[in-house]
Protein chains: 2
Amino acid sequence: MEEPQISPSEWEVMRVVWTTSPITSREISTILNEKKDWKLATTKTLIGRLVKKGMLTAEPNGRQYDYSPAVTEEKSVEEATEALLSQVCTKKAGVTIQMMLENSTLSLSDLEALEDVIKLKKETAPLEVVCSCIPGQCSCVH
Amino acid sequence: MEEPQISPSEWEVMRVVWTTSPITSREISTILNEKKDWKLATTKTLIGRLVKKGMLTAEPNGRQYDYSPAVTEEKSVEEATEALLSQVCTKKAGVTIQMMLENSTLSLSDLEALEDVIKLKKETAPLEVVCSCIPGQCSCVH
DNA sequence: ATTTACCGATTACAGTTGTAAACTATGTTT
DNA sequence: AAACATAGTTTACAACTGTAATCGGTAAAT
């Protein structure tokens, strides 16, 4: 029952389809040639796997297909962030996000938006986050 | 020259060693039994792979080894966050971080620390982040 | 001294991922 | 009509992952 994941190479393809859809395999391949030294066959393989995983839909159009995303980029990014945060103790989510912040270039409006979110969250923020790690997988004292 | 990555299952082992080291394979296995239905052999395989990848050091102690981390958790988490952000347009780093923020439980002091970082970043923040995606992989107008 | 328990190392084996060639069928060009 | 180009599909194959059994050696227990 595990949700199929989008692998890094597959993600390259998804980004193209998220940006432009419907789109053909040849167009996807042409776009990706700017970044990846992939043969057309490689791109086709990745597209095929994404269709099988239910990440892309394939609409027949003549003798070829028009591909479109079956999942949104937002949802996919969200799942990726959840996967990341699931790997650290809940108490470390703060410093992890802080690290990302420090390592990213953000615009003034990005930062203001973040401030707004933080301001809101402060209204209901706990004094302390509870750790739910099993004993031995983080340094919190249970 | 690719840096070997820590797989999700291997990450479970790393978390134990980051928390307690030096530590033996049996101790690691015992701790993880709380969370994973792994046989001792499975844990040993993962430990072996981590040693081979240079993520753990193995110090002989009698007829067994004491394992310790060869990489820090901070550095590893940092690389994981970089990998995540490399998958989205630089212009979307802000909303991505915002999403993580919204989906996380953070303490008051976490939020205040974030505010401090943001305040500092605002001093040198650009009005707009430049996108460096190849054409077709994001919706920015180049 | 044997037997037993336990250690790391080797082998196993299917599924995923990265990367692509070969194949089949159908349009297109000459 | 024959040759060619092109679309998707099938097959390939090594590396990595998840999960574990088995093996070979040694320390401990009888």
Subject >> Most fluctuating residue given options A:LYS39, A:LYS119, A:LYS91, as computed from a GNM of chain A linking Cα atoms under 10 Å >> reply: A:LYS119
**OP:** Show which aspartates and glutamates lie in cross-link reach of A:LYS119 when reach means a straight Cα distance below 13 angstrom and same-chain residues fewer than eight apart are skipped.
**Re:** B:GLU102, B:ASP110, B:GLU112, B:GLU115, B:ASP116
Subject >> Karplus-derived HN-Hα couplings along the range A:43-57 (A = 6.51, B = -1.76, C = 1.60, θ = phi - 60°), whole Hz, x at Gly and Pro >> reply: 4, 4, 4, 5, 4, x, 5, 5, 5, 4, 6, x, 8, 10, 9
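For the pair B:SER86 and B:VAL51, what calculated FRET efficiency results from E = 1/(1 + (r/R0)^6), where r is the Cβ-Cβ distance and R0 = 41 Å, to the nearest 0.05?
Computed FRET efficiency for B:VAL51 and B:SER86: 0.90.
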Original post:
What shape does the protein assembly as shown have by the C-alpha gyration tensor, where a ≥ b ≥ c are the square roots of the eigenvalues, rounded means a/c under 1.5, and otherwise prolate means a/b greater than b/c and oblate the rest?
Top reply: oblate
Original post:
Of A:MET100, A:MET55, A:MET14, which is the most mobile in a GNM of chain A whose springs link Cα atoms less than 10 angstrom apart?
Top reply: A:MET100
**OP:** Kindly provide log₁₀ I(q)/I(0) values, in the same order as q = 0.20, 0.21 Å⁻¹, from the Debye equation applied to equal alpha-carbon scatterers of the range A:8-69.
**Re:** -0.66, -0.73
**OP:** Sequence neighbours fewer than 8 away in the same chain don't count; with that in mind, list the lysines whose C-alpha is under 19 Å from A:LYS75.
**Re:** A:LYS52, A:LYS53, B:LYS91, B:LYS92
Original post:
Of the residues A:PRO126, A:PRO22, A:PRO60, which exhibits the maximal mean-square fluctuation in a Gaussian network model of chain A defined by a 10 Å Cα contact cut-off?
Top reply: A:PRO126
Subject >> Nearest-first distances (nm) between copies at B:GLU79, label 7 Å from Cα via Cβ >> reply: 2.5
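Bear in mind these aren't lab numbers, they're just calculated from the coordinates by the rules spelled out. The model shown is predicted, which means the values in this text are computed figures rather than measured ones. Note: ideal-geometry Cβ built from the backbone for every residue, glycine included; neighbour counts use all protein chains shown.
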